[in-house]
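Report on the following structure.
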Amino acid sequence: VQLQAFGGGLVETGGSLRLSCAASTNTFSTYVMAWFRQAPGKERDFVAAIGRSGGSTYYADSVKGRFTISRDNRKNILYLQMNSLKPEGQAIYYCAAGRPAWSASDQPSLYYYWGQGTLVTVSS
């Protein structure tokens with residue numbers, strides 16, 4: 001499975017961006033998908049996860065109410081709509097595919113496949 005993340009860029013504080021992650025697999029719908037982010041000098045942090053059908057979602061407290069994760073299983077694409085961006089949201093955002101137990105879907109070690117990352121820069 002190959003994942004390609006795109007849609008990052010420069011945005012002002014309070015602005016919005018939508019990230020996308022295209023998957024090159026016909027088994028996309030069998031994977032739990034997630035977004036993680038990593039700022040310079042920091043660990044990779046969980047952002048959001050979505051279940052196989054898209055019916056279940058889970059967010060880090062830091063983005064709850066501002067970010068929305070979604071997926072299109074017909075197009076094999078994962079999305080992350082980011083609103084009200086804050087300077088601390090500046091990071092490289094990675095998409096990931098795996099089959100973790102839902103209760104552990106925030107654990108990066110449980111994901112098999114990773115995209116190359118897309119940089120989000122938030123100006124203050």
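The values are calculated or read from the model by the stated rules, or taken from the named source; none is laboratory data. Computed from a predicted model, the values in this text were never measured in an experiment. Ideal geometry is used to build each Cβ from the backbone, glycine not excepted, and the neighbour counts take in all protein chains shown. These accessible areas exclude ligands, DNA and RNA; they are computed on the full protein's heavy atoms, side chains included. Shrake-Rupley method; radii C 1.70, N 1.55, O 1.52, S 1.80 Å.
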Scan region 65-124 for residues that are of a type in the set (A, V, I, L, M), more than 14 Å from the chain's Cα centre (by Cα) and either part of a strand (DSSP E or B) or surrounded by 15 or more Cβ atoms within 10 Å (Cβ to Cβ) (or both) and jot them down. L85, L110, V122
Please determine, by comparing only the residues of region 49-62 that are more than 17 Å from R99 (Cβ to Cβ) and in contact with a Phe, Trp or Tyr (Cβ under 9 Å, 6 or more places away or on another chain), which one is most open to solvent (accessible area, probe 1.4 Å). Y59
Between a residue in region 61-78 that is under 13 Å from T25 (Cα atoms) and any residue that is among the polar types (S, T, N, Q) and open to solvent by 30 Å² or more (accessible area, probe 1.4 Å), which pairs come within a Cβ distance under 8 Å, given they are 6 or more apart or on different chains? N73/S29; N73/S53; N76/S24; N76/N26; L78/S70
Between a first residue in region 85-113 that is within 14 Å of Y59 (Cα to Cα) and a second residue that is in a helix (DSSP H, G or I), which pairs have beta carbons less than 6 Å apart while being 6 or more apart in sequence or on different chains? A104/L110
Going through region 19-40 in order, the residues found to be at pLDDT 95 or above, open to solvent by 30 Å² or more (accessible area, probe 1.4 Å) and either outside any strand (DSSP E or B) or in contact with a His (Cβ under 6 Å, 6 or more places away or on another chain) (or both) are S24, T27, S29, T30
